[in-house]
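Chemist: Quick one: this structure, given as structure tokens, is what I'll be asking you about.
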Amino acid sequence: MKLVLASSEFGRPFAGPPGMPADRLKIFREAYNKAMKDPALLIEAKHTPLEINPTTGQELDALAKEVVSQPQDVVERMKKLMGR
């Protein structure tokens, strides 16, 4: 079931290029996490139809690894259930 629901978790992710240096990735993730907790941003978002419910880069990494490591029979069953 997690395989089916995973696509909604990814939402609109920010991504860096393959091979991004670890120090830059760390800065990027920390800035994103800080922004998603910024009181001014959260107040402004209340006046829009936007829902602020961020998923961290670390969480998305873990989910991506879990999704791509599913056994082929699970993938095939999900495709069949989803009409693909």
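Derivation of every value follows stated rules applied to the coordinates shown; laboratory data play no part. Quick caveat: nothing in here was measured; it's all calculated off a predicted structure. Reconstructed Cβ throughout: ideal geometry from the backbone, glycine too, with neighbour counts over all protein chains shown.
Chemist: Among the lysines, which fall within straight-line cross-link reach of K46, defined as a Cα-Cα distance under 25 Å, with same-chain neighbours fewer than 8 residues apart omitted?
Modeler: K34, K37
Chemist: Could you give the alpha-carbon Rg of the chain over 2.2 N^0.38 Å, rounded to two decimals?
Modeler: On the way: Rg = 16.3 Å, N = 84, 2.2 N^0.38 = 11.8 Å.
That works out to 1.37 for the chain.
Chemist: Say each of R12 and M82 gets a label point 7 Å from the Cα, pointing the same way as Cα to Cβ; how far apart are those two points in nm?
Modeler: Between R12 and M82, the simple spin-label model gives 2.1 nm.
Chemist: If you fit an axis through the alpha-carbon atoms of helix 57-68 and take the longest principal axis of the Cα set of the chain, what angle between them do you get, 0 to 90°, nearest 10?
Modeler: Once rounded, the angle reads 10 degrees.
Chemist: Let me ask you something else. Helix 72-81 sits at what angle to the longest principal axis of the chain, using alpha carbons and giving 0 to 90 degrees rounded to 10?
Modeler: Helix 72-81 sits at roughly 80 degrees to that axis.
Chemist: For R24 and K65, what does the FRET efficiency come to when R0 = 22 Å and r is the distance between their Cβ atoms, rounded to the nearest 0.05? Spell out each step's value before the answer.
Modeler: Numbers: r = 21 Å, r/R0 = 0.94.
So, using R0 = 22 Å, E works out to roughly 0.60.
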